[in-house]
Amino acid sequence: MSVYDTYEAVIGLEVHAQLSTKTKIFCGCSTTFGNAPNSNVCPVCLGMPGVLPVLNKQVVEYAIRLGLATHCAISPTSVFARKNYFYPDLPKGYQISQYEEPICRHGFVDIDLEDGSTKRIGVTRIHMEEDAGKSIHDMDTDTLVDVNRCGTPLLEIVSEPDMRSAKEASQYLHSVWQTVKYLGICDGNMEEGSLRCDANISVRLKGETKLGTKAELKNMNSFRNVERAIEYEIKRQIDLIEEGGTVVQQTLLWNAEKNIAAPMRSKEEAHDYRYFPDPDLVPVVVDNAWIASAQKLIPELPKERRKRFVESFKLPAYDAGVLTQERELAEYFESAAGQLSKKNEENHKTVSNWIMTDVLRVMNDKKIAVADCPITPEHLGAMVNLIADGTISGKIAKEVFDDMLTTKEHPKAIVERKGLLQISDAGAIEKEIDLILAKFPNEMTRYRGGEVKLTGFFVGETMKVMKGKGNPKLINEILKKKLDG
Amino acid sequence: MSVTIKDVEHIAKLAKLEFSDAEKEKFTHQFNDILKYMEQLNSVDTTGVEPLAQVIELKNVFRDDTVKPSTPTEEALKNAPASSDVHFKVPKVIG
């Protein structure tokens, strides 16, 4: 047993989700990403004296929805607080956040472990806050500040220290990511910083109940980085303790290029935020009627959808998992399946296969979202119908699929235009087979001598002369009759 | 509770302010005087009274999520001691 196995890690995550509202949390400035620097600013988000922040109702609505989706209690009353610190990208000198009375508390997220079991990760709290601006350190001899992002609404989701490995942490993060995307409250783009994750990590000997000293890891902007960074930090702490050292409480920044975590230059007195209630903002009161109406707007979440896909479409669990990764993909499948003239298990599985292999490949190759796939779910469903009713073979379908990609035409139109109709005329097939058998007398003798695997050869040859349009089932049947007869 | 010169130094540091020893001494006294005056409030029995974060009895003051015109960049940068075309400029934060 390795020394690493005698330790366990204790991990808690703080996830910041940037909300997809049109405007900022306390003013009417746009939240559009990538606009010219300092163009989405006004006296409120610039932190001018004497201005009054007014809360965007949509932010509260989104917070309630996420709270409900993560099984939180929604606080009847919650208040905003000022978190005080100086940094150039925070013009007011304080960030408006929630401290003692966050909007959501005591929830949980269930994650699937590799062994097939589930583990419940506690959600301590979810609160509303504003984002800071952006400091640019490498464009000038001075630091440049862009305040556009300042005031963009965030939900901070704080977990309990319930995770015990990097894998569990990334599973949890994935689950939160999937939930905010399904709810449509955040675009989940980690590279652009729409979803950010900080981790608190400590280690202790297995069986120990006291927590070790934790370090905070920041700047992990992809799922892969989260896993690698946490693994790195767990190992660093164990090595340090094994060498007789002690872990000191500090903030580390993950460097994805070097694959190391380096201590961040400390913000002086960074932990004395002197929170106090913000006198400019009034309490947020959420009654049961509001909660009930928010509940109605929560769509079917990935877990339930996965279950339904297995139960009502009779899909394998693996397929259901892939198809429900993203809400848009799940909806694509359902629309395609809705087109089927025969809604049976076999056809559902065919649709699933086409999506999992061909549609996803196209999306990856072209780096596009489901909504931008040139093949609509209606056309995909119609194509599967053509396969199911014997109009085209699966092989010809590949050609139709590629054609649809560029022409965006209905599969029926393509089949007609290209003359791809499957030949199911037994007489015509028989004629071709007779010619093939006459052409390959040696192979026929070998077949009759016991080399039955030569069937494949004859099927292939027949298909070749029929340009892939022969009905494979009929070809097989007629061939068998001829060869064995 | 009494304020020491160390507390004054700590608060000054958080506020990024620097004071002379004489000023620190003066503020220590003033802080203590203020706190002592406030201590009178301790004589009030607050058993069962919820902490109050707001004195105005309003709740749920909201905006709709509708975009309003922003301030032109030029205008926004006008009060800044230093700026480039489109950015605020501050002394280098990290080197």
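Considering segment B:41-70, the residues that are at pLDDT below 95 and among the polar types (S, T, N, Q) include one that is farthest from A:Tyr99 (Cα to Cα), namely B:Ser43. Is it the case, given these coordinates, that A:Pro53 is surrounded by fewer than 24 Cβ atoms within 10 Å (Cβ to Cβ), at pLDDT below 95 and more than 24 Å from A:Leu183 (Cα to Cα)? So A:Pro53 fails the test. The set of residues in segment A:33-47 that are within 9 Å of chain B (Cβ to nearest Cβ) and either exposed (fewer than 15 other Cβ atoms within 10 Å of the Cβ) or of a type outside the set (A, V, I, L, M, F, W, C) (or both) comprises A:Ala36, A:Pro37, A:Asn38, A:Ser39, A:Asn40, A:Pro43. Those helices (runs of 4 or more DSSP H) of segment A:255-334 in which 1 or more residues are away from chain B (no Cβ under 14 Å) and in contact with a Lys or Arg (Cβ under 6 Å, 6 or more places away or on another chain) occupy A:288-296, A:317-323. Of the residues examined, A:Pro302 is not one that is within 30 Å of B:Val93 (Cα to Cα), at pLDDT 90 or above and not basic (Lys, Arg). For first residues located in segment A:442-471 and among the hydrophobic types (A, V, I, L, M, F, W, C) and outside any helix (DSSP H, G or I), partners that are at pLDDT below 90 and surrounded by 12 or more Cβ atoms within 10 Å (Cβ to Cβ) and lie 6+ apart or on another chain with Cβ distances below 6 Å form the pairs A:Met466/A:Glu432. Only one of the listed residues (A:Pro102, A:Pro76, A:Pro153) is touching a residue at least 60 places away in the same chain (Cβ under 8 Å) and buried (at least 16 other Cβ atoms within 10 Å of the Cβ). That residue is A:Pro153.
Regarding A:Tyr94, is this residue more than 9 Å from every other protein chain (Cβ to nearest Cβ), without any contact (Cβ under 8 Å) to a residue 40 or more places away in the chain and among the aromatic types (Phe, Trp, Tyr)? Against the criterion (more than 9 Å from every other protein chain (Cβ to nearest Cβ), without any contact (Cβ under 8 Å) to a residue 40 or more places away in the chain and among the aromatic types (Phe, Trp, Tyr)), A:Tyr94 qualifies. Checked against the criteria, A:Ile136 does not count as of a type outside the set (D, E, K, R) and either buried (at least 21 other Cβ atoms within 10 Å of the Cβ) or touching a Cys at 6+ places or on another chain (Cβ under 7 Å) (or both). A:Pro263 fulfils the conditions (1) crowded, with 18+ Cβ neighbours inside 10 Å; (2) modelled with pLDDT under 95 except for a single criterion, (1).
The values are calculated or read from the model by the stated rules, or taken from the named source; none is laboratory data. All of these numbers come straight from a predicted model, not from anything done at the bench. Neighbour counts are summed over all protein chains in view; Cβ atoms, including those assigned to glycine, are modelled from backbone coordinates with ideal geometry.
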